[in-house]
Amino acid sequence: MRTKMVALVAVLMMMVAAAWAGDTSALHPPAGSRMALVVFEDLQCPACAAADPLLVQATRDYHLPLVRHDFIIPNHTWSMEAHIIARYFDSLSPQLGEEFRQYIFANQSAIYKTNMRDWADKFANQHHSALPAFYDPKGELRAKVEADTKLGLAMGVHQTPTIWVVSDSKQQPFVEVPDKGKLFETIERVKAALGPAPKAAKKK
């Protein structure tokens, strides 16, 4: 009986490990960067709104790219619309899309399903732009949001925000940050382990 129990526990542990191994293809810095922050987030998630200023500060202090991924929480009533609109602003300018996400997080507590569009129009006006009545006529932006969410599920993401510090290290290319209070400490640790950038070969 004891042997069977030990075997069962071992199988369960392997199943959990396999589930968390998942798809890690998104956990790498963008081309030209040695390190980056990767986050899967939902624009209606209060924890994501609380973490966002830290992520933005970290990107500024350490000059790191911030790679945002959509991860829709099913029972959130307006986040899908917000993410699709963010993708629309991305299509105009990546910086505009980034500013829209920060704007939504900053005003999250005042946003509801019934006034989401009003907040988006206000943002567009403030940035001398306009949001079309039909900003995703072919559903292409929604498809991108859904693809990101599926990617997160394949990676084992089960809560928002899920944050990683990623690097081009061969030994430990990504480190999850479950406690946002340890974000800067984790960045410092990854940076120290990564060491100085390799010197470029001299041209003859």
**Message:** If a residue must be touching a residue at least 40 places away in the same chain (Cβ under 8 Å), under 22 Å from Val157 (Cβ atoms) and either assigned to a loop (DSSP other than H, G, I, E, B) or not small (Gly, Ala, Ser) (or both), how many such residues does the stretch 86-107 contain?
**Reply:** 5
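Among the candidates Phe105, Phe89, single out the residue that is buried (at least 17 other Cβ atoms within 10 Å of the Cβ) and touching a Phe, Trp or Tyr at 6+ places or on another chain (Cβ under 7 Å). Full working, then the answer.
Working: Phe105 fails: touching a Phe, Trp or Tyr at 6+ places or on another chain (Cβ under 7 Å).
Only one candidate qualifies: Phe89.
Going through the stretch 30-60 one residue at a time, which ones are of a type outside the set (A, V, I, L, M, F, W, C) and in contact with an Asp or Glu (Cβ under 6 Å, 6 or more places away or on another chain)?
Within the stretch 30-60, the first condition is being of a type outside the set (A, V, I, L, M, F, W, C), and the residues that meet it are 30, 32-34, 41-42, 44, 46, 52-53, 57, 59-60.
Matches in the stretch 30-60: Arg34 only.
Within the group Thr186, Thr160, which residue is in a loop (DSSP other than H, G, I, E, B), polar (S, T, N, Q) and at pLDDT 95 or above?
Numbers: Thr186 fails: in a loop (DSSP other than H, G, I, E, B).
So the residue among Thr186, Thr160 that is in a loop (DSSP other than H, G, I, E, B), polar (S, T, N, Q) and at pLDDT 95 or above is Thr160.
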**Request:** Please give the number of the condition Tyr135 fails out of (1) part of a helix (DSSP H, G or I); (2) touching a helix residue (DSSP H, G or I) at 6+ places or on another chain (Cβ under 9 Å).
**Result:** (1)
**Request:** Specify which of the listed residues (Thr149, Thr114) is modelled with pLDDT of 95 or more and buried (at least 18 other Cβ atoms within 10 Å of the Cβ).
**Result:** Thr149
**Message:** With more than 27 Å from Gln57 (Cα to Cα) and among the charged types (D, E, K, R) as the only criterion, which of Glu185, Glu140 stands out?
**Reply:** Glu140
**Asked** Which residue, of Pro30, Pro74, is in a loop (DSSP other than H, G, I, E, B) and more than 19 Å from Pro161 (Cα to Cα)?
**Response** Pro30
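The values are calculated or read from the model by the stated rules, or taken from the named source; none is laboratory data. The structure presented is a predicted model; accordingly, all values stated were derived computationally and were not measured. Reconstructed Cβ throughout: ideal geometry from the backbone, glycine too, with neighbour counts over all protein chains shown.
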